[in-house]
């Protein structure tokens with residue numbers, strides 16, 4: 001299918017709600033959602049009560065701050081760059097996982113917009129900040145400018161200012177349009193960053209080289225080993241990449257994704273505008289999906305025999321261990337709170353390990369990914385591989401809905417992917433597991449690793465048990481007695 | 001050599017006005033409600049760390065402006081959100097804070113909030129668009145809004161200043177001072193030690209909203225700050241005729257704790273608080289004796305440790321800490337404060353007094369002081385400075401790498417501070433001075449292995 005929504009001529013990429021009909025509310029069964037999405041009849045609805053969401057600008061920041069030799073400017077009031085310091089910490093702490101021996105301090109600037117700037121415009125300030133950032137960051141190889149709500153509303157012409165600056169200083173100055181108010185699906189911020197990178201950094205291919213693009217966050221380097229038998233290396237995008245490795249992303253033999261929510265747009269852009277084939281089947285979580293994925297990778301790399309051999313070896317080695325874990329975990333009920341694709345991955349992993357997924361709290365749903373291939377739909381695979389999930393809730397991190405649902409379902413273990421949610425497992429005395437490294441549970445060995453952690457988590461419940469005895473709870477008794485979807489405005493429930 | 005005001009900021013050490021949502025979150029059983037873009041809460045949470053009081057950022061109601069509200073205004077969404085927030089969440093006080101979006105499109109938030117207030121709901125509205133000010137300044141704006149729209153509305157003129165031995169304390173800004181909990185607890189202990197009743201207003205030492213309603217009853221106010229918080233005590237002076245005593249820096253160690261207590265005692269006498277001065281004196285004597293007993297034991301280490309201790313320090317912090325720590329280090333540990341850096345965005349009009357306060361630290365030496373909110377630039381300045389001997393940097397997590405580069409010791413004592421947890425630690429007072437010594441020298445000793 002031709003890709004609507006990919007047009008690198010435009011300064012800004014359309015947000016997910018517009019481009020691929022993503023929704024942030026749904027209550028019903030997973031099978032119904034998959035079915036309705038494919039029929040094109042999932043509609044988003046608003047909520048008449050809402051709590052703090054995430055923001056596109058932080059997601060765009062996470063894909064740019066961690067590029068080794070770049071500098072990042074937040075064009076807005078100083079508060080819009082406040083939490084970006086966290087990426088400096090991330091960069092430093094995870095550097096050893098990626099072989100970066102001497103991680104350097106991240107260069108993060110704010111144009112520090114003030115009230116007068118909202119009246120007279122912040123353009124001059126931005127131009128000055130770009131010049132200063134270039135000098136002070138020791139001549140970075142690219143500068144990324146992230147827009148914010150204030151800059152967006154006052155209408156600064158960020159695109160032209162960046163283009164002018166680029167001509168002057170001679171390195172790419174990439175305007176990234178990621179104002180928070182543009183999208184309720186904060187993953188739109190990833191797309192915004194990738195769009196800027198595809199427009200300004202990635203160069204047309206001159207040759208094919210023996211590497212595979214891996215669109216991911218900052219997890220451990222599992223792909224290095226996996227790709228070795230195929231004679232290719234991973235080109236990680238974008239955390240820990242360099243401007244140069246990004247420029248050459250077009251020369252890869254394929255693109256793979258650790259998380260389709262994350263890489264949907266860039267994977268499609270690389271295939272459609274730069275001719276790099278994308279492994280379109282969903283990422284390798286759970287045995288069945290792992291095997292489909294290796295098969296597809298083998299096909300795209302023209303080495304199906306290698307893929308078959310890899311699968312065979314791994315089955316032999318890991319299946320007995322997985323079988324043992326299944327016995328230990330059989331019958332346990334889990335609840336999952338995560339972003340879309342990673343949530344689908346967790347569902348596969350948990351069910352492969354023999355747990356019952358009692359319900360989910362998934363931050364959004366992409367009706368399709370940018371490649372429009374149903375093979376990419378991991379939730380679809382989850383349903384057909386392991387059966388339906390009756391309480392499949394899509395909810396953009398509205399904690400009140402989470403506490404309501406958790407207090408009803410009382411699972412044996414609560415699995416979270418994002419910060420701030422785990423507390424509610426502990427407050428209800430439910431053992432809770434959050435793992436930051438998204439590669440941790442990939443493939444066969446990932447199932448073993450993750451299964452062992454699950455066993456430990458379920459067994460070690462003394463801490464949460466104790467905490468729950470003294471829990472602080474701001475929610476009213478009334479709220480716990482209401483249906484979870486009380487504040488959903490029609491349409492999305494089924 | 002401060003650069004142009006309101007210029008670029010690298011490595012921000014404070015946040016914008018809506019960061020004052022932490023001021024609300026720090027009042028037991030109070031709840032912020034944001035009328036803002038979706039990311040404002042996330043930014044504060046990431047900056048201050050994942051800690052947040054009764055109702056943390058994930059719990060905080062927010063209208064999460066979309067394009068639609070930007071174009072058509074968001075007051076209807078706000079009305080709906082406030083109404084439902086009080087059904088879902090249990091709180092004694094709600095404070096609606098606005099972000100840039102609401103500020104620029106010009107939503108009339110106050111009249112929406114007024115509708116709820118008229119029905120008897122304890123609710124306050126305050127404008128905190130990020131472009132208006134920093135959270136250092138917005139802290140006062142939020143406190144004053146609560147006083148005007150909630151406290152004063154229920155105040156009884158007859159009881160104003162009715163408690164002679166009672167004070168309201170305005171000191172550490174919640175979260176912006178990473179040690180705010182411990183510090184407020186110590187301030188309270190010290191002031192109670194000299195016979196005062198204290199409205200500490202924030203943290204678990206406070207009785208929450210009920211205590212806020214007692215603000216008018218206090219006889220006078222105590223402000224510990226070189227500049228932030230000043231609008232609060234001035235406002236209370238105007239509103240209730242409460243005088244205030246200002247101690248201009250964070251009182252760390254025995255000298256400063258005693259100076260702080262004496263300045264409050266003087267104010268108590270001026271305001272006829274009726275304190276038992278002998279008992280107050282006895283309290284100070286005991287505190288001092290116990291402090292010097294510990295310092296005397298430590299002196300052997302300070303004087304005899306043969307393998308190297310820091311001899312000079314750069315502090316990168318807010319003005320209150322820079323002056324307070326400089327005084328403490330010089331007089332109570334022997335570490336010389338060399339070039340110092342205030343990164344809190346101190347307005348120009350206060351800078352002279354802060355310079356004078358720092359200059360009074362020593363008759364013998366001048367301590368160079370730079371006001372510069374662009375902390376990335378501050379780091380470049382420090383890169384170009386060299387001194388003989390082993391150095392110490394006290395700053396935020398950002399400065400750890402700088403200290404490493406320079407081969408200095410490092411202590412994380414300012415936000416953002418990802419390398420340190422703070423639960424009940426205080427640097428204020430007699431006990432705080434000893435704790436700061438422990439933290440500095442334990443950091444030093446950890447380098448010997």
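The values are calculated or read from the model by the stated rules, or taken from the named source; none is laboratory data. Computed from a predicted model, the values in this text were never measured in an experiment. So basically every Cβ, Gly included, is an ideal-geometry build from the backbone, and we count neighbours across all protein chains shown.
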Extreme residue, nearest to residue B:34 (Cα to Cα), among residues of segment A:11-50 that are without any contact (Cβ under 8 Å) to a residue 60 or more places away in the chain and not in a helix (DSSP H, G or I)
A:14
Given B:116, B:131, which one is assigned to a helix (DSSP H, G or I) and either touching a strand residue (DSSP E or B) at 6+ places or on another chain (Cβ under 6 Å) or touching a residue at least 12 places away in the same chain (Cβ under 8 Å) (or both)?
B:116
Within segment B:294-336, count every residue that is touching a strand residue (DSSP E or B) at 6+ places or on another chain (Cβ under 8 Å), assigned to a loop (DSSP other than H, G, I, E, B) and closer than 20 Å to residue B:385 by Cα.
3
From the list B:72, B:65, which residue is at pLDDT below 95, over 27 Å from the mean Cα position of the chain (by Cα) and more than 9 Å from chain A (Cβ to nearest Cβ)?
B:72
Residues satisfying the stated conditions in segment B:75-88, i.e. more than 7 Å from chain A (Cβ to nearest Cβ) and either in a loop (DSSP other than H, G, I, E, B) or in contact with a strand residue (DSSP E or B) (Cβ under 9 Å, 6 or more places away or on another chain) (or both):
B:75, B:77, B:78, B:82, B:86
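Please find, within segment B:240-268, the residue that is nearest to residue B:430 (Cα to Cα) out of those that are in a loop (DSSP other than H, G, I, E, B) and under 20 Å from the mean Cα position of the chain (by Cα).
Of all residues in segment B:240-268, those in a loop (DSSP other than H, G, I, E, B) come to B:241-243, B:248-251.
Pick out the ones that are also under 20 Å from the mean Cα position of the chain (by Cα) and you get B:248-251.
Numbers: B:248: 17, B:249: 15, B:250: 12, B:251: 9 Å.
Looking at the filtered set, the residue picked out is B:251.
Go through segment A:51-65 and give me each residue that's assigned to a loop (DSSP other than H, G, I, E, B), touching a strand residue (DSSP E or B) at 6+ places or on another chain (Cβ under 8 Å) and at the interface with chain B (Cβ under 9 Å from one of its Cβ atoms).
The answer is A:52, A:53.
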In segment B:214-234, residues that are crowded, with 19+ Cβ neighbours inside 10 Å and not in a loop (DSSP other than H, G, I, E, B) total 12
Within segment B:26-46, take every residue that is out of contact with any strand residue (DSSP E or B) (no Cβ under 8 Å at 6 or more places or on another chain) and assigned to a loop (DSSP other than H, G, I, E, B) and give me the one that is nearest to residue A:108 (Cα to Cα).
B:39
Looking at segment B:51-61, is at least one residue in contact with a strand residue (DSSP E or B) (Cβ under 8 Å, 6 or more places away or on another chain), in contact (Cβ under 8 Å) with a residue 40 or more places away in the chain, more than 18 Å from residue B:127 (Cβ to Cβ) and facing chain A (nearest Cβ under 7 Å)?
no
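Matching residues to (1) surrounded by fewer than 24 Cβ atoms within 10 Å (Cβ to Cβ); (2) away from every other protein chain (no Cβ under 14 Å); (3) touching a residue at least 40 places away in the same chain (Cβ under 8 Å); (4) closer than 24 Å to residue A:81 by Cβ:
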position: B:101; (1), (2), (3), (4): no, no, yes, yes
position: B:122; (1), (2), (3), (4): yes, yes, yes, no
position: B:136; (1), (2), (3), (4): no, no, yes, yes
position: B:141; (1), (2), (3), (4): yes, no, yes, yes
Given the structure, is residue A:135 within 11 Å of another protein chain (Cβ to nearest Cβ) and either modelled with pLDDT of 95 or more or in contact with a helix residue (DSSP H, G or I) (Cβ under 8 Å, 6 or more places away or on another chain) (or both)?
yes
Name the residues in segment B:380-396 that are facing another protein chain (nearest Cβ under 10 Å) and crowded, with 23+ Cβ neighbours inside 10 Å, would you?
B:396
Condition test on residue A:76, is it crowded, with 24+ Cβ neighbours inside 10 Å, touching a residue at least 24 places away in the same chain (Cβ under 8 Å) and more than 24 Å from residue A:15 (Cα to Cα)?
no
Testing residue B:94 on (1) crowded, with 22+ Cβ neighbours inside 10 Å; (2) within 9 Å of chain A (Cβ to nearest Cβ); (3) within 16 Å of residue A:52 (Cβ to Cβ), one condition comes back false. Which one is that?
(2)
Mind checking whether some residue in segment B:16-29 is surrounded by fewer than 24 Cβ atoms within 10 Å (Cβ to Cβ), facing chain A (nearest Cβ under 9 Å) and either closer than 15 Å to residue B:140 by Cβ or in contact (Cβ under 8 Å) with a residue 40 or more places away in the chain (or both)?
yes
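Sort out which residues of segment A:31-50 are farther than 16 Å from residue A:376 by Cβ and touching a helix residue (DSSP H, G or I) at 6+ places or on another chain (Cβ under 8 Å), and write them in order of number. Walk me through it before giving the result.
Let us first name the residues in segment A:31-50 that are farther than 16 Å from residue A:376 by Cβ, namely A:31-32, A:35-36, A:39-50.
Answer for segment A:31-50, where residues must be farther than 16 Å from residue A:376 by Cβ and touching a helix residue (DSSP H, G or I) at 6+ places or on another chain (Cβ under 8 Å): A:31, A:42, A:44, A:48, A:49, A:50.
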Which members of segment A:168-189 meet the condition of being under 28 Å from residue A:362 (Cα atoms) and more than 14 Å from every other protein chain (Cβ to nearest Cβ)?
A:176
Subset of segment B:47-69 [crowded, with 24+ Cβ neighbours inside 10 Å and outside any loop (DSSP other than H, G, I, E, B)]
B:47, B:48, B:61, B:62
Hey, could you check segment A:103-129 for residues that are in a helix (DSSP H, G or I) and within 9 Å of another protein chain (Cβ to nearest Cβ) and say which is nearest to the chain's Cα centre (by Cα)?
A:129
Enumeration of residues in segment A:40-50 that are more than 9 Å from every other protein chain (Cβ to nearest Cβ) and closer than 22 Å to residue A:178 by Cβ
A:44
Please go through segment B:4-13 and give me each residue that is modelled with pLDDT of 95 or more and at the interface with another protein chain (Cβ under 7 Å from one of its Cβ atoms), ordered by number.
B:8, B:9, B:10, B:11, B:12
For the subset of segment A:66-102 comprising residues that are assigned to a loop (DSSP other than H, G, I, E, B) and more than 16 Å from residue A:217 (Cβ to Cβ), which member is nearest to the other protein chains (Cβ to nearest Cβ)?
A:77
Output the residues belonging to segment B:149-202 that are part of a helix (DSSP H, G or I), surrounded by fewer than 17 Cβ atoms within 10 Å (Cβ to Cβ) and touching a strand residue (DSSP E or B) at 6+ places or on another chain (Cβ under 8 Å).
B:192
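Does residue A:152 satisfy the criteria of being surrounded by 22 or more Cβ atoms within 10 Å (Cβ to Cβ), at pLDDT below 95, away from chain B (no Cβ under 14 Å) and in contact with a helix residue (DSSP H, G or I) (Cβ under 9 Å, 6 or more places away or on another chain)?
Judged against the criteria, residue A:152 is not a match.
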Residues that are under 23 Å from the mean Cα position of the chain (by Cα), away from chain B (no Cβ under 13 Å) and within 22 Å of residue B:89 (Cα to Cα): find the strands (runs of 3 or more DSSP E) completely inside segment A:378-439 holding 1 or more of those.
A:392-395
